[in-house]
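**Student:** Before we start, here is the structure in question, set down as structure tokens.
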């Protein structure tokens, strides 16, 4: 199984900060990766697909990059509505596996 | 508007069974792979199972193989998860999520999610 290691597991940031979350795959997964945002008590929402493509309707301050085994999700200027938990998902092979999550909290 | 709505969750004893349903609307259900993803209380997301458009391919996480069965009824725009031999560690919110139209190993899945249904396995 492919293990997805997300870092950090949590971070504190202020409105307007640039935030970067990293996901590392235990083996190369090309660009078979998505990023999801989840707010407390709500269903996840897809932000990025194919590692770097922005989901329709998602603000352009979100961006994804990477290929192979290292990927990043960047929020260029953190907004109040961005405080949430973020997960990466690899879909290169079964079982599909999520990273452990990164909780973004208000500083 | 795309919608998926789960139902069927509840409290069940260890070793018991439960059948979850997911009603889909707002899109051509038979064009998409469909999946179940779960989240234990206070924990992260875990993919459970996925099924191809015509039901000819099904894949599961190892921890549920032989106990859970994913199925679909395209005529009723519905997805199901039959869960048998339930264990305490199966306690979670179960989400129905839409897969891609093409192979999930090429196209990023889960662009739409339901609100989830809670399954609690306890005596």
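The numbers here are math on the coordinates, done by the rules we state, and not lab data. From a predicted model like this one, the values you see are computed outputs, not experimental measurements. Cβ sites come from the backbone with ideal geometry, for glycine too, and all protein chains shown count toward neighbours.
**Student:** Which order do the peptides A:15-27, A:86-98, B:87-99 come out in when sorted by mean C-beta neighbours inside 10 angstrom, highest first? Intermediate values should be presented prior to the final figure.
**Tutor:** Numbers: A:15-27: 16.3, A:86-98: 22.6, B:87-99: 20.2.
Final packing ranking: A:86-98, B:87-99, A:15-27.
**Student:** Same structure again: Give me the number: length gained by fully extending residue A:107 to residue A:93, i.e. 0.36 nm times residue separation minus the C-alpha to C-alpha distance, one decimal in nm. Kindly include the intermediate steps, with their values, before the conclusion.
**Tutor:** Details: separation 14, 0.36 × 14 = 5.04 nm, distance 3.73 nm.
Length gained between residue A:107 and residue A:93: 1.3 nm.
**Student:** Between residue B:87 and residue B:56, how high is the FRET efficiency from 1/(1 + (r/R0)^6) when r is the Cβ-Cβ distance and R₀ = 41 Å? Nearest 0.05. Don't skip to the end; give the middle numbers.
**Tutor:** Values: r = 29 Å, r/R0 = 0.71.
Plugging the Cβ-Cβ distance into 1/(1 + (r/R0)^6) gives 0.90.
**Student:** Please give the average number of partner chain Cβ atoms lying within 10 Å of the Cβ of each residue in B:40-53, rounded to a whole number. List each step's numbers first, then the result.
**Tutor:** Values: counts 0, 0, 0, 2, 9, 12, 4, 8, 2, 2, 4, 0, 0, 0.
Neighbouring Cβ atoms belonging to other protein chains average 3 per residue here.
**Student:** Given the Cα-Cα distance of residue A:9 and residue A:56 and 0.36 nm per residue of separation, how much length would full extension add, in nm?
**Tutor:** Values: separation 47, 0.36 × 47 = 16.92 nm, distance 2.68 nm.
This chain segment gains 14.2 nm when fully extended.
**Student:** So what's the Cα pair-distance distribution over chain B, bin width 10 Å, in %?
**Tutor:** Answer for chain B: a P(r) of 14, 49, 30, 6, 0 percent.
**Student:** When Cβ neighbours within 10 Å are restricted to other protein chains, what is their mean count per residue of peptide A:41-52?
**Tutor:** Working: counts 3, 3, 14, 8, 4, 8, 0, 1, 6, 3, 1, 0.
Taking the mean over all residues of the peptide, I get 4.
**Student:** Further, regarding this structure: Mind giving me the FRET efficiency for residue A:76 and residue B:43? R0 is 22 Å, r the Cβ-Cβ distance, nearest 0.05 is fine.
**Tutor:** Working: r = 29 Å, r/R0 = 1.34.
Step by step, r from the Cβ atoms, then E = 0.15.
**Student:** Find the Rg to Rh ratio for the protein assembly as shown, where Rh is the Kirkwood radius over alpha-carbon pairs and Rg uses the same atoms.
**Tutor:** 0.96
**Student:** What does the convex hull of the Cα atoms come to per residue for chain A, in Å³?
**Tutor:** Details: hull volume 9.4 nm³, N = 107.
About 88 Å³ per residue, rounded to a whole number.
**Student:** I'd like the FRET efficiency for residue A:1 and residue B:7, computed as 1/(1 + (r/R0)^6) with the beta carbon distance as r and R0 of 35 Å, rounded to 0.05.
**Tutor:** Details: r = 31 Å, r/R0 = 0.87.
My answer for the efficiency is 0.70.
**Student:** Continuing with this model, one more query. Summarise the partner chain shielding of A:88-94 as one whole number: the mean count of Cβ atoms from other chains within 10 Å of each residue's Cβ. Intermediate results must be reported in sequence, preceding the final value.
**Tutor:** Numbers: counts 0, 6, 3, 12, 3, 1, 8.
Mean partner-chain Cβ count within 10 Å for A:88-94: 5.
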